[in-house]
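In what follows, a structure is listed as structure tokens, so that the remarks can point back to it.
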Amino acid sequence: MDIARPDRSRERNRRRLFYAIAAALAVAAVTLGVAHLKPAAPIVDRSLVVIETVKRGPMVRQVRGSGTLVPVDINWIAATTDARVARIVVRPGTAVRRDTVILDLSEPAQTQRTLDARYLLQAGEADLVSLRNRLHSRELDDRASEARLKAEYDQARLRANADEELAAKGVLPELNRKLSRNAADSLENRYRLESERVRTNTVSMQSELAAQQAKVEQMRAQARLQEQQLASLQVRAGIDGVLQQVSVEVGQRVAAGSILAKVVDAQQLMAQLRIPETQARDIALGQVATIDTRSGGVVIGHVTRVDPASQNSTVTVDVGLDGPLPRGARPDLTVDGAVELERMNNVLHVARPVNAQENAAGTVFRIEGHEAVRVRARFGRSSVTTIEVVGGLAEGDRIITSDMSAWEEADRVQLKE
């Protein structure tokens, strides 16, 4: 006898649907989990990066630049007249004294001009002596005439006084007394006028003599100038030092004002540094500087001049040297220098990361275990190798300061020992 079985197809379909939904949910959960997983951090060899620690303490701000040693005293010797180079007496590199002859120049026209000036001066001086003698003779004549009139006036005055006494006693007629008085008064007037004329002539003679004296002084100055130009044909060093440059050759024709030679005092040198213009804004006169001569010696100095203009994106800074120069120091020697801007106490600072800018925000990789995580930091004042930390980092944090531009898209990297 057949037993009827219940229909289980609906239950099997329901079970299959349940398994399908569960599988779909599982796949969705796995997909969602995978989507939320962080990408694998790139691996960086620890030996290839530079790691520095954020510290708190004193920090010295400096700016650096390269430059050269230049003489403090430079004597550029120029030709004072047109001439021809006859002989080079001393070659560059020779130690010279102030009166050492470097070059001999030749110029016949200058010799002739000097002789003409001498002769004119001699003629002018002779004319001055002649004029002085003539004026002195005239002065003597005037004084003699004045003295003669004075004597006549004195005699007439005495005679008039005597006639007045006789007329008062009735011995001499009144007419004679009046004639004597008139004669005395006339001579008095003539004597007064003569004295005035003598004084006027004296002033006139002094002016005439001064005019001739001025002409002679002019001739003397011209002769002195020509003598100096003639003497300058023997070109001298002018200062004690080293002949560094001769700019002419034998036989060459030079014009007045042309540079002939350069003499420097090799014992007195200073450093001229070229500082990037972006770092030179805080440099001031008197700041301490250190100069490395690259020959095993460092010299302390101070800023003496800051060029107000910028050339090729650099500012020239002159540094006077306070100590003796090491052996081997000479003009045009290449040097490195650092200018100390300020000393700061108790500031948070770190070795300057690559691309870190002064008074600006940036990102750095901070070491956290075996990883380095990108964090934002804010920096303040900077120096050559260090920079102030204003925010984002704490004392003791270790950061990567070398170039991490190859991992600029990553927020963290793994450090491999």
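For helix 9-36, what angle does its Cα long axis make with the longest principal axis of the chain, in degrees from 0 to 90 and rounded to 10?
20 degrees
To test your reading of the geometry: what angle, between 0 and 90 degrees and rounded to tens, separates the Cα axis of helix 108-168 from the longest principal axis of the chain?
40 degrees
At 0.36 nm per residue, minus the direct Cα-Cα distance, what do Q268 and D154 gain on full extension? Give it in nm, one decimal, please.
Values: separation 114, 0.36 × 114 = 41.04 nm, distance 8.11 nm.
Here the answer is 32.9 nm.
Please compute the volume of the convex hull spanned by the alpha-carbon atoms of the stretch 318-359 and report it per residue in Å³.
On the way: hull volume 7.8 nm³, N = 42.
Enclosed volume per residue, from the Cα hull, is 186 Å³.
Dividing the alpha-carbon radius of gyration of the chain by 2.2 N^0.38 Å (N being the number of residues), what value is obtained? Mind showing how you got there, number by number?
Working: Rg = 52.1 Å, N = 417, 2.2 N^0.38 = 21.8 Å.
Relative to the 2.2 N^0.38 Å estimate, the chain comes out at 2.39.
For L140 and D307 in the same chain, what is the full-extension length gain: residue separation times 0.36 nm, less their Cα-Cα distance, in nm? Intermediate results must be reported in sequence, preceding the final value.
On the way: separation 167, 0.36 × 167 = 60.12 nm, distance 6.98 nm.
Gain in length upon complete extension: 53.1 nm.
Using the Kirkwood formula on the Cα atoms of the stretch 177-310, what hydrodynamic radius do you get, in angstrom to one decimal?
Values: mean 1/r = 0.0418 Å⁻¹.
After inverting the mean inverse Cα-Cα distance, the result is 23.9 Å.
What nm distance separates the two modelled labels at R98 and R84, each placed 7 Å from Cα along Cα→Cβ?
Result: 3.4 nm between the two label points.
How fast does the stretch 325-403 diffuse by Stokes-Einstein, in µm²/s, taking the Kirkwood radius from C-alpha pairs at 37 °C and 0.692 mPa s? Don't skip to the end; give the middle numbers.
Values: Rh = 14.6 Å.
The calculation lands on 224 µm²/s.
Carbon and sulfur atoms: what percent of the 1.4 Å accessible area of the chain do they account for?
Details: 13260 of 25670 Å².
Percent of accessible area from carbon and sulfur atoms in the chain: 52.
Using Cα atoms only, what is the angle between the long axis of helix 174-231 and the major principal axis of the chain, expressed in degrees (0 to 90) to the nearest 10?
Tilt relative to the chain: about 40 degrees.
So if each residue of separation counts as 0.36 nm, and I subtract the Cα-Cα distance between S295 and T278, what length gain in nm does that give? Provide the component values of the computation, followed by the final result.
Numbers: separation 17, 0.36 × 17 = 6.12 nm, distance 2.89 nm.
Working it through step by step, the gained length comes to 3.2 nm.
Using 7 Å Cα-to-Cβ label points, what is the S47/D411 separation (nm, one decimal)?
3.2 nm
Which distance in nm do the two modelled labels at T200 and V129 give, with both placed 7 Å along the Cα-to-Cβ direction?
For T200 paired with V129, the spin-label model returns 3.4 nm.
Within straight cross-link reach of K178, meaning Cα distance under 19 Å, which lysines are found once same-chain residues fewer than 8 apart are removed?
In chain and number order, the partners are K169.
I want to make sure I understand the PRE zone here: with the label point 7 angstrom from the Cα of V72 toward its beta carbon, which residues in the stretch 271-301 have backbone N atoms less than 13 Å away?
So the set is 271, 301.
Can you tell me the alpha carbon radius of gyration of the stretch 119-198 divided by the globular rule-of-thumb value 2.2 N^0.38 Å? Walk me through the numbers on the way to the answer.
Numbers: Rg = 21.4 Å, N = 80, 2.2 N^0.38 = 11.6 Å.
Normalised Cα radius of gyration, the stretch 119-198: 1.84.
When the dipole is taken about the Cα centre of the stretch 208-296, and only Lys, Arg (+1) and Asp, Glu (-1) are charged at their Cβ, what size is it in debye, to the nearest 20? It would help to have the intermediate numbers written out before the result.
Working: 9 positive and 9 negative charges, 39 e Å.
The dipole of the stretch 208-296 has a size of about 180 debye.
Enter the accessible area per residue of the stretch 62-109 (Å², integer; probe 1.4 Å; all protein chains in place).
Details: 2420 Å² over 48 residues.
Roughly 51 Å² per residue, with all protein chains present.
Excluding residues on the same chain fewer than 8 positions from K416, give the lysines whose Cα lies under 20 Å from its Cα.
K416 reaches K38.
Kindly give the semi-axes, whole Å and largest first, of the ellipsoid equivalent to the stretch 258-346, taking each as the square root of 5 times a Cα gyration tensor eigenvalue. Please report the intermediate quantities before stating the final value.
Values: eigenvalues 115, 68, 24 Å².
Each semi-axis is √(5λ); the values are 24, 18, 11 Å.
The values are calculated or read from the model by the stated rules, or taken from the named source; none is laboratory data. Just so it is clear, the model here is predicted, and its values are computed rather than measured. A quick note on method: Cβ atoms are made from the backbone with ideal geometry, for glycine too, and the neighbour counts reach across all protein chains shown. Keep in mind that these areas ignore ligands, DNA and RNA; they rest on the heavy atoms of the full protein, side chains included. Shrake-Rupley method; radii C 1.70, N 1.55, O 1.52, S 1.80 Å.
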